[in-house]
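A short reminder: the numbers here are calculations on the coordinates, not readings from a lab. Fair warning: this is a prediction, and the values are worked out from it, not measured in the lab. Positions of Cβ are backbone-derived with ideal geometry, glycine not excepted, and every protein chain shown enters the neighbour counts.
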Amino acid sequence: MKKIYSNISWLIALTVILTSCDSFLEEKPMTFLNPDQYYQNEKQVFAAVNGIYTYVDDIMDSDIEPGSQSFIFLEFMHGYGERMRGSGTQDLTQANSLLIADNNSYVQRFWETAYRAIENCNSIIEGIEGMEEGTISEAKKNQYLAETYFLRGYFYFNLVRLYGPVPLKLTPTRDVSNTAIELSSIEDIYTRIDADMTNAGELMEDMDWTNSSGRVTKGTVKSMHAKVLLTMAGYPLQKGIEYYNKAYNMAKQVYNSGKYICFDSYGELRTVENAGEIIWSIQREADNAGNPLHSSLLAYPAPVKAVSASAAYGGAITVTRMFFDTYPEGDKRREEREFYYTEQEALDKSGMVDLGGLYIYKYWDQNAAEIGKSGANFTLLRYADLLLMMAEAKAQADGGTTSDADAIEAYYTVRKRALPLETRPTSITVDKVLQERFWELAFENQTWFDMVRTRKALHAVTGQMVNMIGYQTPTHTAPFTEASLLLPYPIREKRLNSNLKRD
Amino acid sequence: MKRKQRADAPGVFSEIVKLMLVLMLLLCSGVEAKASSNLISQQTERTISGVVTDENGDPVIGATIVVKGTAIGTTTDLDGIFTLKIPTDVKTLQVSYVGMVTTELTIGDNAQYNVVMEPDAVLMEDLVVIGYGTRSKKDVSIAVSSVKSDELNERPSAFNIMEGIAGKVAGVTNISMSGRPGGASSLRVRGMGSINAGKDPIYVLDGVVGVDPNIINSANVESIDILKDAAATAMYGAQGSNGVVLITTKKGKKGKGSITYDGKMGFGFMNRKLDMLNADEYMEVQRRSYAYSGQTMPHLTTADEKLFYYAKDPSGNYQYDDYGLLIASPRYNTNWQEEMTRTAISNDHIVSFASGNDDTSVYSSVAYQNYEGIIKSSEYERISGTVNVNSKIKDWLLVQLVGTVGSQKGNNNDMENSFGQGAIRNMIEMPPIVPVKYEDGTWGRKGDYKYSEEGENPLLLLQDRRDEWKSNFSVFSLNTTLDITRKLTLTVQGDYQQNNRKGMSYAKAGLLDVSENNGGYADISNYDSQKLTNENYFTYTDAYFNGQLSSNFVLGASWYYTHSESSSSGSEQYFDDSFDYHNLSAGTTWHEPRSGMNQNTMNSYYFRMNHSFRDRYLLGATFRADGASNFGMNNKYGYFPSLSAGWRISEESFFQPLLTFVSQAKLRTSYGIVGNASIPNYRTISQYGNGSTIFNKELTSYVTLSNLGNKDLKWESSHQFNIGLDLSFFNNRLEVIMDYYTKSTRDLLFEKQIPITTGYATTWTNLGEIRNDGFEATITSRNIHTNDFLWVTDLVYSTNKVKTIDINGETIQTGNNTIAREGIDWASYYVYKRLGTWGLAEVEEAAKYGKRPGDIKYEDVNGDYKIDEEDRQLMGNGRPKGNLSMVNTFKYKGFSLMVDLNYVYGFKIMSITHSMGENRPLYSNSVNDILNAWTPENQNTMVAALRLPSDPFFGENEKDSHMLHKGDFLRIRNVGLSYSLSPNVLNWLGEVNNFSLGVSVENLALFTKYPGFDTEMGTFNTDNGQSIDFYSYPRPTTVTANMKITF
């Protein structure tokens, strides 16, 4: 018996030992999709394009220090705002001294967000173009491609404005054999952005100007394209009149569409979403994708009585008194609880609470004040911005002053909301428009980019436009120099790519 | 073979070996019979016979009887009887048997002899488990260390086997990350073998590969053998590069059954407190901060009756001082460390049953352990049952069933290392002027005084937040060993491991930053894993050249399959707190549900041979091929060979003169290659990550590129050379084991940073080389050994150094402000050097850095007036250079006293806790050192001037040299006294076979300059957080009483 068993076990064991099947060692993942086997149907494309939008909201990201969102950093670059709480790190403080080190975490964050988004765009463009006939409808294909081209342009636009020459990468990464990409010139990068925006605009030509989905629309593309052209006309490329005209014409397409309005009251800017004056915004929702700004901009130190149920992590940034004082007398925007506030009703409705200072009210979210969570969108582009771009472009194109009726109407639409008693001007100057931009778009992540492309600053005492280089804003510890216009390349990236050098 | 085996066989493993030996000898005897028949014709012969028995009178089967100095010999048969033809002039026979003292038999005229052999105590103990078999220690040419049950359980408060091993084995360190019961604890064998791949050794429980060591109750363990060098671990190939820990469960012994109760009860105290400010000192810091910024403390202008007493006149009007300010003193002086801690009670009880007869032995136990943490409400509990059945079902079939089932649970609501509202961090940071509760019953909060950071009361966190986990686990293993021939056996083993882990948390409504706006917040997560393994191997044992060469061969194959699933969900906005986490649908807002699946397979083939020639020349070789699913299609299989050799010099004739002094000497050396496959699954495949994003308040799915797959990813291999010397002196009174090794890990599995322009931050790749070098020594000295008194000293010493050899000339950020560069120690701190503070005489120089007197001054290495990346300097690392343990044991009659000391040196601790305690003066309470802050009168200081948060350099916390502290320490790890009843008393007691009582103090004292709770701690995880102190859990001093009784 033993022998039989032994022999059987021998055989079984030998069979087992000598058996090897490759399929046993094959990985069969069930929890993620593989980009190499993607782009089979419309829904997959939809999910991939949605993915790019998740990078747009990265300016809401922060480190553990309260009120350290990337959004806040750009508002320290211009020097009209001040921080009430400690910074935690030197990263924000560096913006005040205009000595931004290459290991500053914001310098890395902006770079990282943009290139991650761009890689997704490159991969989607290639993916959609390679899709088989019939797997996606022409209309959807155009829409998704347009959104992707637009977003790639948008992220390169952010990169080139912040860093100047950057690597221009337009195809997806396959392996890591060659990762040290060379810098492209600012000119080449803008040419690509212009092309991407044009491409997106053409693909969307037959689509609606607006919709309430929160996605990029034809209106978004044309408005952003106007901003790109206006920037190309100004610094650093200084393409001049030709591009000011292009910018004006592009803005005017949006203006002529009649699809956007300026809200009657500033309050609507805080309550109406994806319609009216709002051209494009970061989509937020209270429970799943909260907006940190309401809480970050609360008064600090916290007032004796709570005015909001949101965690009291305020003090991220507020307007300086000097900048506030540059608003004209009677300007509605300086009235209590329009753009700024000094007191607010207590949460328990027991009366007004003095905040002990002047704070930004633009991002006040009454809902958040009551339930503690903010689901407010964050506006990236609004019609008032477009109108002022249109006026500025025309005034520039006409040599500094214009009496173009549309340009004046554009300017006046914004102006009269703040100063209803003021009469319509017969001509406007570039400086007038720029002043208006400072006041209207303050703390909306536009001011720094406006300064860099115009090389102009608002004098915080006189309220007049002055040359940016050599001017020192209220909270900065030094005047602007040429060197302050661009962020350094991030230290991490410099270590990994030796091409990232600035002359 | 139905005859009785020897009665006192120490365990089945040794039985198997003996069995194999018998088979071998039976076979050899045939050969030798032939040989001796050749001799017959030449000499005059006589025939003698005899019986060989052990001290119990049982026959010794297979004992070798040889004529001394010749090849003439035979072995005993199944009844212990031998018959041998010998030349007439032979006077002496030598009788030998494994595990017995070799005896010499003087031959007279008789034809019949009875030989009684005695067990060799030293050799009996020295059978080591080496994986896929056992081997006598004397025949071992690899670096393997054993810890027996008694040693493992020497310190009753050791919480798991990892802590029990601490200090027992040279080259093996216990990394205990916190003083929390159930806190992360792991072993490191010979330094750090990998960068990003796993660093834990593999645990093998009775042949079951890859067991979670946390489920093992050390009272059930018979022995632990740790394989250290590559020749030993290569048998585990791809899983062996971080060492192999072989755990053997206790077995039932033949004879009368026994019942053992082993119970421990302990009391833990907080021994070291952080030196935090009291209320008056805290107010002094406030006063100086306001003064520096030219402001007045707010409570001196507006009365804050909640926190302060004010001077008032009899009619109740406030009194003012000369400056027109109120006169106030703090109302409360809370010592938060005292409020948060308690005497922690621990209970550890186990009852075990053991019995055995000729064919079957059974060991079983049930155990209960409950450990409280010294932070209130933290605890850990484990219930487990173990069974180990060995049965010889047929002559040729041995079956072993080992099973462990149980559950563990813990409450982690104290949350160390927390960025959010952690109870330990809040305990340290709560201002002393805030009470636990105000007179009106409301809880004090951190932010109650102006500028203090918002923070929840840590006691309220402990009370209202639960963060529990529990896990149900089981391990079953069925091992069958078949004798195919007398020399060849086949072992087939099937194992099943299962673990369900559940995490549950609930925060009652109203906890700041936790559930203040969520109205109750609950989360539940489930993790479920299964592991199936199958091991099959042949063992062949034979002897050649008249028994001068004995050889052992193993050939086998294994299959491993691991599958895990996870899911989680949660909800918030509860209308009532009474549901706890038990009814998620009672919340109105639901958390995103999540789930996942992970699967890993491995397939291995292995071969080993061991030879021992003339008992003095030892040679071993192994080869293993492993295939793993988590490697690229092009590199699924890795191949791991090893070679080892040993020379028992003391067996040589030239060594004879030395034998009186040196009783044994063995030289060992080995070289081998082992691998590491502990990387996450699916890294060779490019991946889309997914989630939900918002469009117009609606959730929509999205995907984004998350991983760039590397199809060429291959095995990391570790090449290790080892040389060792085993010596014993003065008849084994003094034993010395020394090893030197150098272990170079190549093709490191490394999550390489790549430029983000690729769209990815990292990708897994194989990179370069790091090298561990170390020296280990274990010395056991029986200083005094009389009948009544025994004094033994055990010294265990090891060093280790990790150098970066080749990383393509790059600088790798290894986390927590440490870097790796070629030629320097791995993960060296790379920080600014703090020179002190800028003085009043340095106004101009300071201004060049944008600073003023009182601000922190760093060394500007390149003198460019910028403190940046180029100014960072290498500042040592967090891994100890050396570790020395000394255990002295004194035994007098039934008493035993043990003193266990541990000295660790040559490392630096980065204390984030202490530095945060110095740079957040108004936000939080501070460490006492802050009182030494800069003032015009005290300029020679490391601490910046105190100021208000609006100052740009408030809370400056660049990582710098000031955060680093020398970590060297001497710990009285344990002092224990025990008493065992003497046999006389036991006889009188009748049924009781053994009774002992003991008391011990764990962590009696810690001598160190380090200002934190403890020098052994870590943050984030055991891989790279060692010696980073980020609000770590304090380590208690525990007094434990134990009682052990055997019936």
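Overview of values
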{"quantity": "Cα lying deepest toward the dipole's positive end in the stretch B:130-229, options B:F159, B:I142, B:S218, charges on Cβ", "calculated": "B:I142"}
{"quantity": "Cβ-derived FRET efficiency at R0 30 Å, B:D58 paired with B:Q548, nearest 0.05", "calculated": "0.55"}
{"quantity": "Nearest 10 degrees, 0 to 90: helix B:279-292 Cα axis against chain B principal axis", "calculated": "50"}
{"quantity": "Positive-end residue of A:T426, A:L458, A:W448, charge dipole of the stretch A:423-469 with Cβ unit charges", "calculated": "A:T426"}
{"quantity": "For the stretch B:543-605: span of alpha carbons on each principal axis (Å, largest first)", "calculated": "85, 23, 9"}
{"quantity": "Spin-label pair B:N357/B:K256, simplified geometry with 7 Å Cα→Cβ offset, distance in nm", "calculated": "1.8"}
{"quantity": "Estimated dipole of the stretch A:320-392 in Debye, rounded to 20 [Cβ of Lys and Arg +1, of Asp and Glu -1, Cα centre]", "calculated": "220"}
{"quantity": "Pairwise Cα inverse-distance average, inverted: Kirkwood Rh of chain B (Å)", "calculated": "32.6"}
{"quantity": "Mean Cα-pair separation over length for chain B, i.e. relative contact order, pairs under 8 Å, 6 or more apart, %", "calculated": "11"}
{"quantity": "Cα-projected label distance for A:E182 with A:N249, points at 7 Å along beta-carbon direction, nm", "calculated": "3.4"}
{"quantity": "Net dipole in debye of the stretch B:268-412 [+1 Lys, Arg Cβ; -1 Asp, Glu Cβ; about Cα centre; nearest 20]", "calculated": "360"}
{"quantity": "Loop-located trypsin sites (Lys or Arg not before Pro) in the stretch A:326-371, at most 11 other Cβ atoms within 10 Å (DSSP)", "calculated": "A:K349"}
{"quantity": "B:M1043 versus A:K239: modelled label distance in nm, points set 7 Å from Cα along the beta carbon direction", "calculated": "9.1"}
{"quantity": "Magnitude of the charge dipole, the protein assembly as shown, Cβ model with Lys/Arg +1 and Asp/Glu -1, debye to 20", "calculated": "3880"}
{"quantity": "Straight-distance crosslink candidates among lysines, where the alpha carbon sits under 21 Å from B:K168 and sequence neighbours closer than 8 are dropped", "calculated": "B:K137, B:K138, B:K148, B:K199, B:K228, B:K250, B:K801, B:K881, B:K891"}
{"quantity": "Least to most buried among B:H965, B:H563 (fewest other Cβ within 10 Å first)", "calculated": "B:H563, B:H965"}
{"quantity": "Distance between the stretch B:922-957 and the stretch A:304-333 - C-alpha centres, whole angstrom", "calculated": "30"}
{"quantity": "Percentage relative contact order, the stretch A:194-281, counting C-alpha pairs under 8 Å, at least six apart", "calculated": "28"}
{"quantity": "The stretch A:233-332: relative contact order as a whole-number percent, Cα under 8 Å and 6+ apart", "calculated": "14"}
{"quantity": "Interchain or long-range residues, amide H under 5 Å from B:G207's placed H", "calculated": "B:I247"}
{"quantity": "Residue among A:Y156, A:Q435, B:S663 farthest towards the positive dipole end of the protein assembly as shown, charges placed on Cβ", "calculated": "B:S663"}
{"quantity": "Angle in degrees between helix A:218-233 and the longest Cα principal axis of chain A, rounded to the nearest 10", "calculated": "70"}
{"quantity": "Nearest-ten-degree value, helix A:2-18 long axis tilted from longest Cα axis of chain A", "calculated": "40"}
{"quantity": "Cα gyration tensor of the stretch A:138-189 - equivalent ellipsoid semi-axes, whole Å, descending", "calculated": "24, 17, 7"}
{"quantity": "Hits among lysines - C-alpha to C-alpha of A:K259 under 17 Å, sequence gap 8 or more where chains match", "calculated": "A:K218, A:K222"}
{"quantity": "Packing-based exposure ordering (other Cβ within 10 Å, fewest first) of B:V992, A:V221, B:V927", "calculated": "B:V992, B:V927, A:V221"}
{"quantity": "Fraction in percent of alpha-carbon pairs per bin - 10 Å, the stretch B:412-560", "calculated": "10, 23, 16, 11, 11, 11, 10, 6, 2, 0"}
{"quantity": "For the stretch B:572-586, 3J(HN,Hα) per residue [Karplus equation, 6.51 cos²θ - 1.76 cosθ + 1.60, θ = phi - 60°, Hz, x = Gly/Pro]", "calculated": "9, 6, 8, 7, 8, 7, 6, 6, 6, 9, 8, 9, 4, 6, 6"}
{"quantity": "Taking B:S567, B:S926, B:S798 and counting other C-beta atoms within 10 Å, the order from fewest to most", "calculated": "B:S567, B:S798, B:S926"}
{"quantity": "Efficiency of FRET between A:S212 and B:T589 - r from beta-carbon atoms, R0 30 angstrom, step 0.05", "calculated": "0.80"}
{"quantity": "Cα-based reach from B:K508 at 24 Å (exclusive), listing lysines while leaving out same-chain residues under 8 positions away", "calculated": "A:K305, A:K373, B:K376, B:K409, B:K437, B:K446, B:K470"}
{"quantity": "Whole-angstrom gap from the stretch B:671-690 to the stretch B:268-302, using each part's C-alpha centre", "calculated": "51"}
